[in-house]
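Have a look at the structure below, then the notes.
The values are calculated or read from the model by the stated rules, or taken from the named source; none is laboratory data. Keep in mind it's a predicted model, so treat the numbers as computed, not measured. Neighbour counts are summed over all protein chains in view; Cβ atoms, including those assigned to glycine, are modelled from backbone coordinates with ideal geometry.
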Amino acid sequence: MDTQFLVSFSIILATFALYIGIAIYNKAKATSDFYVASRGVPPIFNGMAIGADWMSAASFIGMAGTIMLLGYDGLAYIMGWTGGYLLLTFLLAPQLRKYGRYTVPEFIGDRYNSHTARVIAAICTIIISFTYSIGQLSGSGVVIGRLFEIDAKLGTMIGVVLIAFYAAFGGMKGITWTQVAQYIILIIAYLIPVIFMSLQITNNPAPWLSYGKIVGEMGELDRQLGISEYFAPFTNGTKWQFMALMFTLMAGTAGLPHVIVRFYTVSTMKAARWSGAWALLFIGLLYLSAPAYAAFSRFILMKNVVGQKISELPEWTATWVNTGKLAVADANGDGILQWQELTISNDIVVMATPEIANLGVFVIGLVAAGAMAAALSTAGGLMLAISSSFAHDIYYRVLRPNASEKNRLSIARWTIAIATLLAGLIALNPPGAITQIVAWAFALASGTFFPALLLGVWWKRSNAKGVMAGLLVGLGVTLAYIFASKYGGFTIAGIIDTGAGVFGAIAAIITNVIVSLATAAPSQEIQDEVVDLRYPEQMTYKDGEVWLKDENL
């Protein structure tokens, strides 16, 4: 048993013990604990929890690798995800918090006064969250597989057991405080390697300022190796695909049910806005570092690995080959590794870089712990979204409105366990890379919830028939385009499966507007409620006028 394994295993074991301890200490005893943490989370800690919920395995494990392999074209992920967060914070989150419900389907069901709309929204939540969770469980498999030097599939099933336990046990209350700890661990684990690499390569401890010089040097290396330049735009897809992917990720961000529900855990609209501000700061620390991480990793590979004798490659290459995520082939038979002969999955770049840069066993273990924190935090939030959609929105609000609190909590916990197991089984043989699978989830959210919530908050004329038609058409169009593009090679203007959300969103908005205008308007009471959402909590809208709720305010 080597030193690296012992150090990595010890760090991960310590963090797991911390997460489970927090979940046990903050065990959900009531439904308000389980679904919205009793609405008592301070904004700064909620911002950390949102950051951890948001920065999934796709962000921590996959994003830097995607940028490393795609270059300029990979920036659509960063711009889409951060831009979408601004949409969510300013357009939807405070208004949804003011409405005061537990889940997104509950908002849609009550806003449109329709059980059918509620059920359709709950089904959409389950589909989106389930798709997203496949990527997280696949990411946990990569980490555990490397740690134990076993197949990533076995690592995935170990991750399933861990996630099912602490998500089912603690509910939103336990998950919130677990995610605060996970954010602290994952951001430290992400920043330390990139700061050390910056010092190692440029003698500057600020990677955000130094990596531009390295990108310039890589341009010359690219020309020497005869490969497309790292910073040349649209070499891996059309500009329309770049724009469509960016829109899909932005609109999907604003419609992700497991992120939106985090804004329900604070006490006021003001706290929801401050949660968004803090979360943007915490998320920005990682997202501003990802391009630097990608540039340094690529530079080290090109300088220290490419051009070496295949028989004398570093030891880390053999261990990653064993996970099935790295392949080395001497295609031209010269015994020297060319860039084109190195096949590296974008899912392992962040995990492998500390070994590639020889940063030491402690940093390697810390990155593994950070990657697990990212996968676990998001997977926990996703499983809670699936659970609340079934146990609260379908079982309690529709099927069994007289169910006891004990019965509802039991159903919620069993739903988490079953959903985690099913997602884990699919993650054993994932249908794509982590970032690709996550992009599908965002496409589904942008084609369903983004139009429904945008019009539900900002257009009082939108009615139940309109939102139901919009949800179904948006879901159908998005799914059809993903399958047609991935498996049938069908594209419009070069837009592939990861940009499918643009078509779903357009179709859903048009459908919602046409059907709403062609059918009866919502009641005046509902229309007044919708207008009321746009004002601060101290104000209320009634009879065409805005009133202060408390004359002393």
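Residues that are closer than 26 Å to residue 93 by Cα, at pLDDT 85 or above and surrounded by 15 or more Cβ atoms within 10 Å (Cβ to Cβ) do not occur anywhere in the stretch 202-224.
To keep it simple, each residue is scored yes or no on (1) of a type in the set (Ser, Thr, Tyr); (2) in contact with an Asp or Glu (Cβ under 8 Å, 6 or more places away or on another chain); (3) more than 20 Å from residue 291 (Cα to Cα).
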site: 341; (1), (2), (3): no, yes, yes
site: 381; (1), (2), (3): no, yes, yes
site: 411; (1), (2), (3): no, no, yes
site: 433; (1), (2), (3): no, yes, no
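Criterion applied to 425, 382, 399, 376 was being modelled with pLDDT of 80 or more and either closer than 30 Å to residue 283 by Cβ or surrounded by 24 or more Cβ atoms within 10 Å (Cβ to Cβ) (or both), and the one residue passing it is 382.
Could you grab me the full set of residues in the stretch 281-326 that are surrounded by fewer than 20 Cβ atoms within 10 Å (Cβ to Cβ), modelled with pLDDT of 85 or more and over 18 Å from residue 67 (Cβ atoms)? Answer for the stretch 281-326, where residues must be surrounded by fewer than 20 Cβ atoms within 10 Å (Cβ to Cβ), modelled with pLDDT of 85 or more and over 18 Å from residue 67 (Cβ atoms): just 281. Condition test on residue 409, is it closer than 30 Å to residue 159 by Cβ, more than 19 Å from the chain's Cα centre (by Cα) and assigned to a helix (DSSP H, G or I)? For residue 409, the condition - closer than 30 Å to residue 159 by Cβ, more than 19 Å from the chain's Cα centre (by Cα) and assigned to a helix (DSSP H, G or I) - is met. Identification of helices (runs of 4 or more DSSP H) wholly contained in the stretch 223-316 with 2 or more residues that are out of contact with any Ser or Thr (no Cβ under 9 Å at 6 or more places or on another chain) yields 239-255, 269-287, 290-304. Considering only residues in the stretch 442-469 that are part of a loop (DSSP other than H, G, I, E, B) and of a type outside the set (D, E, K, R), the one that is nearest to residue 480 (Cα to Cα) turns out to be 448. Name the single residue, out of those in the stretch 492-535 being in contact with a helix residue (DSSP H, G or I) (Cβ under 6 Å, 6 or more places away or on another chain) and not in a helix (DSSP H, G or I), that is surrounded by the fewest Cβ atoms within 10 Å (Cβ to Cβ). Of everything passing the filter in the stretch 492-535, 493 is surrounded by the fewest Cβ atoms within 10 Å (Cβ to Cβ).
Restricting the first member to the stretch 403-426 and to residues that are in contact (Cβ under 8 Å) with a residue 40 or more places away in the chain and more than 18 Å from residue 123 (Cβ to Cβ), and the second to residues that are polar (S, T, N, Q) and buried (at least 19 other Cβ atoms within 10 Å of the Cβ), the beta-carbon pairs closer than 6 Å and six or more apart or on different chains are 405/31; 408/31; 424/156. Residues of the stretch 1-42 that are crowded, with 20+ Cβ neighbours inside 10 Å, modelled with pLDDT of 70 or more and part of a helix (DSSP H, G or I): 8, 11, 12, 15, 19, 22, 23. The set of residues in the stretch 493-522 being without any contact (Cβ under 8 Å) to a residue 24 or more places away in the chain and within 26 Å of residue 438 (Cα to Cα) consists of 506, 510. If only residues of the stretch 295-310 that are among the small types (Gly, Ala, Ser) and over 14 Å from residue 351 (Cβ atoms) are counted, the one that is farthest from the chain's Cα centre (by Cα) is 307.
Is it true that some residue in the stretch 471-481 is under 21 Å from the mean Cα position of the chain (by Cα), outside any helix (DSSP H, G or I), among the β-branched types (Val, Ile, Thr) and crowded, with 16+ Cβ neighbours inside 10 Å? Within the stretch 471-481, none of the residues are under 21 Å from the mean Cα position of the chain (by Cα), outside any helix (DSSP H, G or I), among the β-branched types (Val, Ile, Thr) and crowded, with 16+ Cβ neighbours inside 10 Å. Restricting the stretch 311-340 to residues that are within 30 Å of residue 156 (Cβ to Cβ) and among the β-branched types (Val, Ile, Thr), the residue that is farthest from the chain's Cα centre (by Cα) is 328.
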